Structures are given as structure tokens and as C-alpha cells.
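**Q** Below is a structure I'd like to ask you about.
Read-outs: derived from the displayed coordinates by stated rules, not from any lab. Source: prediction; values computed, not measured. All Cβ positions, even for glycine, are placed from backbone atoms using ideal geometry, and neighbour counts span all protein chains on display.
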Amino acid sequence: MSFFEKQLESKIVYEGLIVNIKRDVAELQNGNSAEREVVVHPGGVGIVAVTDDRKVLMVRQYRYPMQEVVLEIPAGKLDADEDPFECAVRELSEETGYTANNYVDLGAIYPSPGFCRETLYLYLALDLVPGEMHLDVNELLSVEQVDMDELIRQIMANELKDAKSVIGVLKAKLYLDNSE
């Protein structure tokens, strides 16, 4: 069976600082039509930065939508027409102060494809070099080095809940384990 939905109508109902929301009408493969709401996000990157002793650089920050402090991999939003790799290099440096001599592309993910058009590009950063953080003015976070095996434990205990971090850490661990 071929699955498809054809956009018949589209209207932006909200234009925000980070996202736009549109309400569409789509024709389904069975001929019926259905309304769809789509959050349009420019996309972003997540970086799993691993030290030589298999500690992962994590950032801890308050996430307003969740109303809690969240531990996650360094990440950031793509600027208009920005290359994802260049964004990853920039975000790692901004949020942690580190640069990397080796990057591995871990692929792209759709964090929540049921309602959000966002693609996140994941990278593994190795051979790290410390430097100075240069956060945006309202970016308040701390950087922690957490052992990879401890992060796996947190993932399995549902203590680490950020989707990009869960996927990124698991993909990085598999990549590193298979590279040894």
C-alpha cells in the first residue's frame, strides 16, 4: 500500500520567534480530507562530545516548557541556511568552550514527526580541546562531564529523558564500541 497525504490548503496561524504554526488541509490516500497542524521549526543539531576517558560533556539548564532542569547534550538551532556541521562546531564551542579535532556524523532524527517539522542532526565529537565558553546573553547553563556508562544507566532508568540526548548517547556508544 502506498501512503501519502497531499496538501490542499495551508495557512500560517502563528509566527513566533523560533517556530511558526500552520493549519493545513490534506487529502488522504483514501480520498478523504483531514486537518493537520504543523509546528515548523528551522531544525538544529546535537553534539555528543566524548573525552578520551569516555566522559560525555553534558549541559544542565532550566527548560521552561517542561518546568524543570534538564540534563542534555550540547545542542542548538540552525540559523537560516546554516550548514548543520558548521552549526555543530559553533554550538559545541559556545556552550562548552570545547572544540573537537574529529567529528562523526551520527545521522538525522525527527524528534516528534506527528506534529512538528523539525530535523535534528547528531554528531559525535572526539579528540576534544578545552577553551572558553561564549554563551548567548540569556543562555544560562552548566557543563558537566558524565561517564558514558552512567548516562546509559540514566537512560535505562528513565532519568535522562531528553530525546536527542538519549538517541545521541546510544548511537555514540554503539559507534565507539564497534570502533574498538
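**Q** Run the count for the chain, please: Lys pairs, Cα-Cα under 19 angstrom, 8 or more apart or on different chains.
**A** Close lysine pairs found across the chain: 10.
**Q** Report the semi-axes of the equivalent ellipsoid for the stretch 105-180 in whole Å, largest first, where each axis is √(5λ) for an eigenvalue λ of the Cα gyration tensor.
**A** 21, 20, 15
**Q** Would you mind giving the average projected area, over all directions, of the Cα convex hull of the chain in nm² with one decimal?
**A** About 12.9 nm², averaged over all directions.
**Q** What list do you get for I109, I18, I167 if you sort them by fewest beta carbons within 10 Å?
**A** Ascending Cβ contact count within 10 Å gives the list I18, I109, I167.
**Q** Can you give me the relative contact order of the chain as a percent, contacts being Cα pairs under 8 Å and 6 or more apart?
**A** Reported relative contact order: 22 percent.
**Q** So how do 2-9, 84-91, 150-157 stack up, highest first, on mean other-Cβ count within 10 Å?
**A** So the order, starting with the most tightly packed, is 84-91, 150-157, 2-9.
**Q** Still on this structure, please answer the following. Distance between Cα centroids, the stretch 1-74 to the stretch 103-180: provide it in whole Å.
**A** Between the Cα centres of the stretch 1-74 and the stretch 103-180 lies a distance of 17 Å.
**Q** Then there's this: Amide H to amide H under 5 Å from T119: which residues, 5+ apart in sequence or cross-chain, H placed 1.01 Å off N in plane?
**A** G43, G44
**Q** Would you kindly state how much longer the chain becomes between D79 and S2 on full extension, computed as 0.36 nm times their sequence separation minus their alpha carbon distance, in nm to one decimal?
**A** Once the chain is fully extended between D79 and S2, it gains 24.2 nm.
**Q** Further question on the same structure: Between the helical axis of 163-179 and the dominant principal axis of the chain, each derived from Cα atoms, what acute angle in degrees is found, rounded to the nearest 10?
**A** 50
**Q** List Y123, Y110, Y103, Y64 from most exposed to least, where exposure is judged by having the fewest other Cβ atoms within 10 Å.
**A** Ordered by Cβ neighbours within 10 Å, fewest first: Y64, Y110, Y103, Y123.
**Q** Please work out how much length the chain gains when fully extended from L17 to N32, using 0.36 nm per residue of separation minus the C-alpha to C-alpha distance, in nm with one decimal.
**A** Computed gain between L17 and N32 is 2.0 nm.
**Q** Next question, about the same structure. Quick one: angle between helix 84-96 and the longest Cα principal axis of the chain, in degrees between 0 and 90, rounded to 10, please.
**A** Taking Cα atoms only, the helix is inclined about 50 degrees.
**Q** Counting only residues 5 or more places away or on other chains, whose amide H sits under 5 Å from the amide H of Y98 once H atoms are built in the peptide plane?
**A** G131
**Q** For the stretch 44-179, give the magnitude of the charge dipole about the Cα centre (Cβ charges: +1 Lys/Arg, -1 Asp/Glu; no others), in debye to the nearest 20.
**A** Here the size comes out at about 500 debye.
**Q** Continuing with this model, one more query. Can you compute 3J(HN,Hα) from phi for each residue in the stretch 138-149, using the Karplus curve 6.51 cos²θ - 1.76 cosθ + 1.60 with θ = phi - 60°, rounded to whole Hz and x for Gly and Pro?
**A** Result, rounded to whole Hz: 9, 9, 10, 7, 10, 9, 10, 9, 10, 4, 3, 5.
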